[in-house]
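Worksheet for the structure shown next.
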Amino acid sequence: MTEPTAPVLTERDHVVGPVDAPVTVLEYGDYECPYCRGAFRDVHRMLDEYPGKIRFAFRNFPIKQVHPHAEQAAEAAEAAAAQGRFWPMYELLLQPYAQLDTDALVSYADRIGLDVPRFLEDITDQRYARKIHDDMQEGLRNGVNQTPKFYVNGQRVDGKVPLEHLEELVRQAVAAAEPTDAPG
């Protein structure tokens, strides 16, 4: 078995936050995973707590054996991204009340102002299946074995309650990036 590799962000990733942020948090997620939906709230709380200090990226890792709508939801997110609206769709898909059937996805597309016929054609034709597959393959190379799986500055966050460890790693990384006030 080969050792997992550390993830490296590319231009294909969905990223929010400054390019020069001292902390990069990458999540591999599944839109139908209840733990990913819980993590969504916590990640955004951290982004609010450390404005300008975190660059956050999201990659698809739908586990269709457990979550039958996850792959189509990932297609919906990518179809929204093709119209410049990834983050609004991402936010709708990860709400606790979100439904992920085709009718719900089309209503979300309409709500965020997408070209709905184009969106529907994209998800029906599975136009972004290759990107989703590539995200998943990269996740497997990075050692992803469940969702959500987080990396902080390339370091994988493991454990039963990964979000507590995630918050701790983010705090440490932010603190390490702060200039120290050395006595002069």
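Among the residues of segment 106-149, those identified as touching a Phe, Trp or Tyr at 6+ places or on another chain (Cβ under 8 Å) and hydrophobic (A, V, I, L, M, F, W, C) are Val106, Ala109, Met136, Val144.
Considering the conditions (1) buried (at least 17 other Cβ atoms within 10 Å of the Cβ); (2) modelled with pLDDT of 95 or more; (3) among the small types (Gly, Ala, Ser), Gly84 is excluded by exactly one of them, (1). Under the condition of being without any contact (Cβ under 8 Å) to a residue 60 or more places away in the chain, among the hydrophobic types (A, V, I, L, M, F, W, C), out of contact with any Pro (no Cβ under 8 Å at 6 or more places or on another chain) and buried (at least 20 other Cβ atoms within 10 Å of the Cβ), the residues counted in segment 57-76 number 2. Scanning segment 1-52 for residues that are among the small types (Gly, Ala, Ser) and part of a loop (DSSP other than H, G, I, E, B) yields Ala6, Gly17, Ala21, Gly52. Condition first: aliphatic (A, V, I, L, M), without any contact (Cβ under 8 Å) to a residue 60 or more places away in the chain, in a helix (DSSP H, G or I) and over 18 Å from Phe58 (Cβ atoms). Can you find one or more residues in segment 110-121 that meet it? Yes, segment 110-121 contains a residue that is aliphatic (A, V, I, L, M), without any contact (Cβ under 8 Å) to a residue 60 or more places away in the chain, in a helix (DSSP H, G or I) and over 18 Å from Phe58 (Cβ atoms). Exactly one residue out of Asp30, Asp103, Asp48 is under 19 Å from Glu164 (Cα atoms) and acidic (Asp, Glu), and it is Asp48. In the set (1) more than 15 Å from the chain's Cα centre (by Cα); (2) assigned to a strand (DSSP E or B); (3) not basic (Lys, Arg), the condition left unmet by Ala57 is number (1).
The values are calculated or read from the model by the stated rules, or taken from the named source; none is laboratory data. Just so it is clear, the structure is predicted and the values come from calculations on it, not from any experiment. Cβ atoms come from the backbone with ideal geometry, glycine included; neighbour counts cover every protein chain shown.
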